[in-house]
Amino acid sequence: MIEIEDTIISLDLIEEYFCCDLSKCRGACCVEGDSGAPLTKKEFDYLRKILPLLWDDLSPRAKEVINKQGIGYIDREHDIVTSIVDGKDCVFTCYDENGVCKCAIEKAYHEGRIDFIKPVSCHLYPVRVKQYKDYQSVNYHRWKICHAAEILGEQRKILLYQFLKEPLIRKFGEEWYGALDTCAGEYWKRKKERRILL
C-alpha cells in the first residue's frame, strides 16, 4: 500500500497495466453491476439541472425510468447512484452505430453542450475511492469485463495510474499525482534492481 496525504492507495495502481479497449468490452462497465454509478450530491444536483441538454440522447426506457424515479437513488450502501434501466444500463448510456455503449454526458461534453465530462466515479473507473472517517482508500476494482483492457495496457506498457492520470488529478490534484508518480518510479526501479541481483 502507498500512503499519500489522507489516501491509502493499492499497489495495483502502479503494478497493473490497463488501457480501455472499447472494441472488445463495448462499454460494459456502464451496463454491468449491482447499481448505478456513484454520484456526489453536487454532481446529482448538476445532472438534474442539465438533464434537458442530454434528454434527446437517452433511450426511451431511460426516459421512462427518469420520469418515474428521477436520475438517481440511494443504494444499499447509502450512496447516491444513477438510476438504471431494467437492472442494467445506467440511464445516461447511449449507443453508437456499432452498438458500443457510450455516455450521453460525455458525448454532450465533447460536443461543447456542457462543461462537465462525467461523474468523477465514472471518470476514475476501474479505480474506486471509498471515504472512511480519517482517510480515503483508492483501489482497483478488478473484474472480467476489463480483461481486454489489461491485455491492451500490457501491450502498450501503460500502467493503471498512467491511464487514469486526468481523472486522478481531477480528484486529488497535481501534487498528489506527482507523489504517486514518484512512488511508482521508485517501485519499478527497485524491482528492476532486485531482478538484476537475482
Carbon-plus-sulfur fraction of the accessible area of the range 1-77, 1.4 Å probe, in percent? 51 percent
Can you work out ³J(HN,Hα) from phi for every residue in the range 39-46, in order, using Karplus 6.51 cos²θ - 1.76 cosθ + 1.60 and θ = phi - 60°, giving whole Hz and x for Gly and Pro? 10, 7, 4, 5, 5, 4, 5, 5
Along Cα→Cβ, 7 Å out, is where each label goes; now give me the distance between the ones at residue 48 and residue 97 in nm to one decimal. 3.8 nm
Cross-link partners of residue 144 among aspartates and glutamates (Cα-Cα below 20 Å; sequence separation of 8 or more within a chain): 12, 15, 16, 21, 32, 34, 89, 154
Which entries in the list 49/130; 63/133; 88/133 go over 28 Å, if you measure between the two C-alpha atoms of each? 63/133; 88/133
Within the range 65-114, list the GluC sites (Glu not before Pro) lying in a DSSP loop whose Cβ has at most 11 other Cβ atoms in a 10 Å radius. 77, 97, 111
Between 0 and 90 degrees, rounded to the nearest ten: what's the tilt of helix 147-156 against the longest Cα principal axis of the chain? 50 degrees
Among the Cα-Cα pairs of the chain, the proportion with separation greater than 22 Å, in percent, is 52 percent
Which value, in Å², gives the accessible area per residue of the chain when a 1.4 Å probe is used on the protein heavy atoms? 60 Å²
Computed over the chain: relative contact order in percent, which uses C-alpha pairs under 8 Å that are six or more apart: 32 percent
For the range 1-79, compute Rg over Rh where Rg is the Cα radius of gyration and Rh is the Kirkwood radius from the inverse mean 1/r over Cα pairs. 1.06
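The values are calculated or read from the model by the stated rules, or taken from the named source; none is laboratory data. Being a predicted model, the structure only gives us computed values, none of them experimental. Here Cβ is always computed from backbone atoms with ideal geometry, including for glycine, and neighbour counts include all displayed protein chains. For the accessible areas, the whole protein counts, side chains as well, though only heavy atoms, and no ligand, DNA or RNA atoms are used. Shrake-Rupley method; radii C 1.70, N 1.55, O 1.52, S 1.80 Å.
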